1. Are there any pairs, at least 6 apart or on different chains, whose C-beta atoms fall under 6 Å, with the first in the range 312-326 and in contact (Cβ under 8 Å) with a residue 24 or more places away in the chain and the second near the ligand (Cβ under 8 Å from one of its atoms) and open to solvent by 40 Å² or more (accessible area, probe 1.4 Å), and if so, which?
2. Can you name the number of the only condition in (1) open to solvent by 50 Å² or more (accessible area, probe 1.4 Å); (2) within 22 Å of the chain's Cα centre (by Cα); (3) acidic (Asp, Glu) that Glu251 fails?
3. Can you confirm whether the range 228-239 contains a residue that is within 16 Å of the ligand (Cβ to nearest atom) and under 30 Å from Lys98 (Cα atoms)?
4. Can you name every residue in the range 265-294 that is outside any helix (DSSP H, G or I), open to solvent by 40 Å² or more (accessible area, probe 1.4 Å) and on the phi < 0 side of the Ramachandran plot?
5. Do we find that Thr308 is within 11 Å of the ligand (Cβ to nearest atom) and hydroxyl-bearing (Ser, Thr, Tyr) in this structure?
6. In the range 182-193, what residues are near the ligand (Cβ under 7 Å from one of its atoms) and not charged (D, E, K, R)?
7. Taking the range 340-369 only, how many residues are free of Cβ contacts under 8 Å to residues at least 24 places away in the same chain and farther than 23 Å from Glu29 by Cβ?
8. Residues being within 16 Å of the ligand (Cβ to nearest atom) and more than 25 Å from Met338 (Cβ to Cβ): count how many of those fall in the range 276-294.
Amino acid sequence: MSETFNGIEFKGFSKLSFMQRLNKLLESESITQEDYEFLKSGGLKSVQLGEKFIENTIGYFQLPIGVATQFCIDDKEFFIPMAVEETSIIAAASKTAKWIKESGSITTEVFGTEIIGQIQIAKVKNLEKLTTLLQARKKEYIQLVNKEVVPNLVLRGGGVSDITWRVIDRGDGFQMVVIHVMMNPCDAMGANLINQVCEYLKNPLQEQSGEMITMCILSNLVDTKITQAKVQIKVDEELGLKIQEASLFAELDPYRAATNNKGVLNGIDPIMIATGNDWRAVEAGIHAYACREGRYSSITRWRYQDGTLEGVFRAPLIVGTVGGVTQLHPMAKMSLRMMRVQSASDLSRVAAAVGLVQNLGALKALTTVGIIEGHMKLHIKNLTLGAGATEAEIPLLETKLEQFLNVKKRITLSHAIEMLQEIRTSQRM
Ligand code: NAD
């Protein structure tokens with residue numbers, strides 16, 4: 001399988017210098033000249049933009065942004081921009097993607113289009129009157145909000161499509177009614193849009209029903225719009241069965257499921273951050289979905305059969321390629337361009353794929369060499385910095401820490417500090 005992108009050789013990308021990497025991205029038209037200059041200059045300098053985004057701005061918290069390579073999703077090559085502080089995530093993603101490119105495939109799909117807005121009536125006074133009204137008038141309400149609040153979404157093929165309701169027994173003799181407003185937000189994540197739709201409905205609903213509406217807000221548990229990624233890969237039986245066992249562990253034990261899902265989010269969150277998406281919303285949605293059967297479980301599932309390992313990720317992944325800061329932050333705009341995603345669905349499919357690939361990489365490491373070997377080797381650089389080594393001292397300290405890790409299979413900051421002291425003492429002698 002080729003290691004070129006748009007005709008440019010990308011083999012050994014991780015060994016290149018910072019400037020060489022930027023040049024490769026520019027040559028392959030993965031970034032524009034403007035992006036190139038922006039990255040070269042170190043990104044955002046003035047706090048002007050930050051002051052527009054949030055309140056009481058005092059600067060930027062700068063996370064590194066890197067690119068995962070080797071991804072072939074739905075037969076299309078991708079560079080994946082990832083903003084993240086944790087060592088080894090990008091290396092593991094690229095390495096696992098390369099393995100899949102050589103021996104398997106990644107395919108994705110999105111099921112459903114609607115997000116959910118909630119309107120709460122905390123204590124319903126006359127349930128029968130309310131439900132009769134909703135039944136009789138829901139078409140009228142849908143037309144009203146589509147005309148008054150989200151006419152542009154309707155022009156784009158989206159907008160409000162349905163209104164449903166749930167009755168919740170409060171346990172104190174009263175009943176709560178939760179009205180669900182279903183809306184296709186097209187390429188927006190849609191939180192602000194659906195919140196405004198729900199708020200708009202408040203007055204007519206209150207006036208016509210005589211009920212008191214207590215609050216309106218979207219739900220982040222969007223089980224009506226699910227993104228799926230699937231990996232199929234040829235593996236030997238021993239590895240296939242080991243990964244299947246690891247999957248069963250996460251499916252059946254919530255303690256393991258939490259860590260499994262964190263590993264999946266290692267692939268997803270950095271893309272959310274790089275593209276200016278609301279990663280808290282995505283996290284909340286995924287964790288809530290992971291509990292949908294009453295017990296927290298894994299959002300991925302791996303099975304081995306006849307030489308093929310198949311993994312599936314399925315969860316809500318509600319993102320936008322417009323709205324929020326996605327088109328306002330230059331890094332977010334660049335990241336979206338780099339992935340050549342045309343729609344919010346495309347972005348959610350890429351993120352799901354990277355999450356699943358990240359999961360496979362972790363499960364392979366955990367069931368074979370263990371987590372320490374790959375992760376701690378890459379973490380050594382952080383330990384040298386944590387120990388206070390200078391640029392000149394880092395290479396020697398790194399070598400010593402690697403040798404120690406190879407022999408002892410463990411390494412901590414105390415080891416790094418001790419070894420640095422030894423280096424300094426021996427250099428004074
Ligand atoms: P938004 O308010 O920026 O609205 C999106 C805008 O994009 C709309 O004006 C729409 O008309 C326009 N648009 C242009 N092209 C479009 C296209 N092709 N498809 C759809 N819309 C198009 O953003 P939003 O998506 O409504 O809300 C996202 C923001 O809401 C995020 O910043 C998020 O952090 C925040 N938020 C989240 C929550 C939550 O998740 N619980 C709650 C409140 C707010």
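1. Pairs that qualify, where the first residue is in contact (Cβ under 8 Å) with a residue 24 or more places away in the chain and the partner is near the ligand (Cβ under 8 Å from one of its atoms) and open to solvent by 40 Å² or more (accessible area, probe 1.4 Å), are Thr321/Asp187; Val322/Asp187.
2. So the condition that Glu251 fails would be (1).
3. Pass one, the range 228-239, residues within 16 Å of the ligand (Cβ to nearest atom): none.
No; the residues of the range 228-239 include none that is within 16 Å of the ligand (Cβ to nearest atom) and under 30 Å from Lys98 (Cα atoms).
4. Kept after step one, since they are outside any helix (DSSP H, G or I), are these residues of the range 265-294: 275-278, 291-294.
The next check asks that each one be open to solvent by 40 Å² or more (accessible area, probe 1.4 Å); those that pass are 278, 291-294.
Of everything in the range 265-294, those that are outside any helix (DSSP H, G or I), open to solvent by 40 Å² or more (accessible area, probe 1.4 Å) and on the phi < 0 side of the Ramachandran plot turn out to be Asp278, Cys291, Arg292, Glu293.
5. Values: within 11 Å of the ligand (Cβ to nearest atom): no; hydroxyl-bearing (Ser, Thr, Tyr): yes.
No; evaluated as a whole, the condition is false for this residue.
6. Step one: filter the range 182-193 for residues near the ligand (Cβ under 7 Å from one of its atoms), giving 185-193.
Residues satisfying the conditions are Pro185, Cys186, Ala188, Met189, Gly190, Ala191, Asn192, Leu193.
7. Counting residues in the range 340-369 that are free of Cβ contacts under 8 Å to residues at least 24 places away in the same chain and farther than 23 Å from Glu29 by Cβ gives 1.
8. Our first condition is that a residue be within 16 Å of the ligand (Cβ to nearest atom); within the range 276-294, this holds for 276-289.
With more than 25 Å from Met338 (Cβ to Cβ) added as a condition, the list becomes 284, 287-289.
Residues in the range 276-294 being within 16 Å of the ligand (Cβ to nearest atom) and more than 25 Å from Met338 (Cβ to Cβ): 4 in total.
The values are calculated or read from the model by the stated rules, or taken from the named source; none is laboratory data. Since this is a predicted model, take the numbers as computed values, not measurements. As a convention, Cβ positions derive from the backbone with ideal geometry for all residues, glycine included, and neighbour counts pool all protein chains shown. We work out accessible area using only protein heavy atoms, side chains counted, and drop any ligands, DNA or RNA first. Shrake-Rupley method; radii C 1.70, N 1.55, O 1.52, S 1.80 Å.
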